[in-house]
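Scroll down for the structure; my scribbles are underneath it.
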Amino acid sequence: MLATIPLFSAGHELDTSPEAFGFVRSSADLIDQPAELERRLEEDGYLYIPGFFDPALIHAARTSITDRLAAEGSLDPASLAIEAVSNPHKAFSYRGDLARHNAAVERVVYGPELLGFYANLFGEPVRHFDHTWFRAVSRGQGTTPHCDIVYMGRGTHQLLTCWIPYGDIPLEMGGLMLLEDSHRKSERLKNYLEVDVDAYCENRPKEVEKVVTKGGWSHPGFLSKNPATLRAKLGGRWLTAPDYKIGDFVTFGMTLVHGGLDNQTDRFRFSSDTRYQRASQPIDERWVGENPPANTLAGKRGRVC
Ligand SMILES: O=C(O)CCC(=O)C(=O)O
Ligand SMILES: [Fe+2]
């Protein structure tokens, strides 16, 4: 049996039979062969590179995060901060602020190792988005299935996400899951893949109110609230690692469907997701600069529909 415990995502139990669930394949053996890596990325839709980072770098970043969470009272004071046992009264999922002005996290996500990996893979100079997404996921929380393009599709679409765990993540703690072969299903997902969550129709007063007045999104961003029925409909298996470890990363493209398993433990699951592209290609301006506009008003784009 692949999973020895029931697994959930967005509160729905996943079918963990071999037809519906599996594990990611490692491409660590191809690390010095960019042409092979590129071929694998095209074939699988992702690259899983276990043991890439010096564990000391990831440990330092984890410590910077647990120090901040301890200082704000989000950890259980009866445990060591580094264990990241959560204060049961605190529930989080997305905590981008934890990566702001955080040199230890920046050292990992924008350091020479990872930028070197992407320069090798793209075969030319690279640049990264300046916004760093960071998650501190507590019990019962996960991430609904989506494709990243709907959040960051205004520049090149040859953009890669890098997902990095900051601590070992056993299955019961959650972690990234990818829908096998979904990068080949763009035709079926066409309507969804054309979404831009910050775009709105100027001639629809309700949308103007939601997006401009209230600063929200015109579309919720997720593809489905139910990863189990989504998989049954689209086909492929939900893939994850049996045990993400400190030092691992996973990279994937803008049209691969992915999400996060629910955390079933009392400890936080930490991960960052950051973006890399060829420096020569256009970039989505929402995610560039010292203080990127992100999804604020400056990033909203109206059109007549
Ligand atoms: O970590 C998660 O739960 C989701 C990650 C994600 O959506 C991403 O890496 O783009
Ligand atoms: Fe994502």
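The values are calculated or read from the model by the stated rules, or taken from the named source; none is laboratory data. The structure presented is a predicted model; accordingly, all values stated were derived computationally and were not measured. Cβ coordinates were reconstructed from backbone atoms using ideal geometry, including for glycine residues, and neighbour counts include every protein chain displayed.
In region 242-258, what residues are more than 16 Å from ligand 2 (Cβ to nearest atom) and more than 18 Å from Leu114 (Cβ to Cβ)? So that I can check it myself, show each step before the final result.
From region 242-258, those more than 16 Å from ligand 2 (Cβ to nearest atom) are 242-243, 245-248; that's our starting set.
Passing the criteria: Pro242, Asp243.
Within the set of pairs 6 or more residues apart or between chains, which connect a residue that is touching a residue at least 60 places away in the same chain (Cβ under 8 Å) and outside any helix (DSSP H, G or I) inside region 186-215 to a residue that is of a type outside the set (Lys, Arg) and loosely packed, with under 12 Cβ neighbours inside 10 Å with Cβ atoms less than 6 Å apart?
Within 6 Å, the pairs are Cys201/Cys305; Glu202/Val304; Asn203/Val304.
So, of the residues in region 146-177 that are assigned to a loop (DSSP other than H, G, I, E, B) and farther than 18 Å from Glu285 by Cβ, which turns out to be farthest from ligand 1 (Cβ to nearest atom)?
Checked region 146-177; the qualifying residue farthest from ligand 1 (Cβ to nearest atom) is Asp168.
Residue-by-condition table, conditions (1) polar (S, T, N, Q); (2) in a loop (DSSP other than H, G, I, E, B); (3) modelled with pLDDT under 95; (4) surrounded by fewer than 21 Cβ atoms within 10 Å (Cβ to Cβ):
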| site | (1), (2), (3), (4) |
| --- | --- |
| Lys90 | no, yes, yes, yes |
| Leu98 | no, no, no, no |
| Ala104 | no, no, no, yes |
| Arg107 | no, no, no, yes |
| Glu113 | no, no, no, yes |
| Ala136 | no, no, no, no |
| Thr144 | yes, no, no, yes |
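From the residues in region 250-279 that are assigned to a strand (DSSP E or B) and more than 10 Å from ligand 1 (Cβ to nearest atom), which one is nearest to Phe23 (Cα to Cα)? Reasoning before the result, please.
Going residue by residue through region 250-279, those that are assigned to a strand (DSSP E or B) are 250-253, 258-261, 267, 269-278.
Right, trim to more than 10 Å from ligand 1 (Cβ to nearest atom) and you get 253, 267, 276-278.
On the way: Gly253: 18, Arg267: 23, Tyr276: 25, Gln277: 27, Arg278: 29 Å.
Checked region 250-279; the qualifying residue nearest to Phe23 (Cα to Cα) is Gly253.
Can you find a residue in region 146-155 that is within 13 Å of ligand 2 (Cβ to nearest atom), of a type in the set (Val, Ile, Thr) and within 16 Å of the chain's Cα centre (by Cα)?
Scanning region 146-155, I find at least one residue that is within 13 Å of ligand 2 (Cβ to nearest atom), of a type in the set (Val, Ile, Thr) and within 16 Å of the chain's Cα centre (by Cα), so the answer is yes.
Out of region 287-305, which residues are assigned to a helix (DSSP H, G or I) and modelled with pLDDT of 95 or more?
Trp287
Within region 90-108, can you find the residues that are closer than 24 Å to Thr156 by Cβ and either within 12 Å of ligand 1 (Cβ to nearest atom) or without any contact (Cβ under 8 Å) to a residue 60 or more places away in the chain (or both)?
If the condition is that a residue be closer than 24 Å to Thr156 by Cβ and either within 12 Å of ligand 1 (Cβ to nearest atom) or without any contact (Cβ under 8 Å) to a residue 60 or more places away in the chain (or both), then Gly96, Glu106 are the ones that fit.
For Pro6, indicate whether it is of a type outside the set (Ser, Thr, Tyr), in contact with a strand residue (DSSP E or B) (Cβ under 9 Å, 6 or more places away or on another chain) and either closer than 25 Å to Thr240 by Cβ or part of a loop (DSSP other than H, G, I, E, B) (or both).
yes
Write out, first by first residue and then by second, each pair whose Cβ atoms fall under 6 Å of each other, whose residues are 6+ apart or on separate chains, and whose first residue, in region 263-283, is away from ligand 2 (no atom under 16 Å from the Cβ) while the second is among the small types (Gly, Ala, Ser).
Hits for this filter: Asn263/Gly174; Arg267/Ala84; Phe268/Ala84; Phe268/Ser86; Phe268/Ala136; Phe268/Ser138; Pro282/Gly155; Ile283/Gly155.
Just give me the residues in region 61-86 being within 18 Å of Gln264 (Cβ to Cβ) and more than 24 Å from the chain's Cα centre (by Cα), in sequence order.
Asp76, Ser79 - these are the residues of region 61-86 that are within 18 Å of Gln264 (Cβ to Cβ) and more than 24 Å from the chain's Cα centre (by Cα).
When Arg188 is evaluated against the numbered criteria (1) surrounded by 15 or more Cβ atoms within 10 Å (Cβ to Cβ); (2) in contact with a Leu (Cβ under 8 Å, 6 or more places away or on another chain); (3) not β-branched (Val, Ile, Thr), which criterion, by number, is the only one it fails?
(1)
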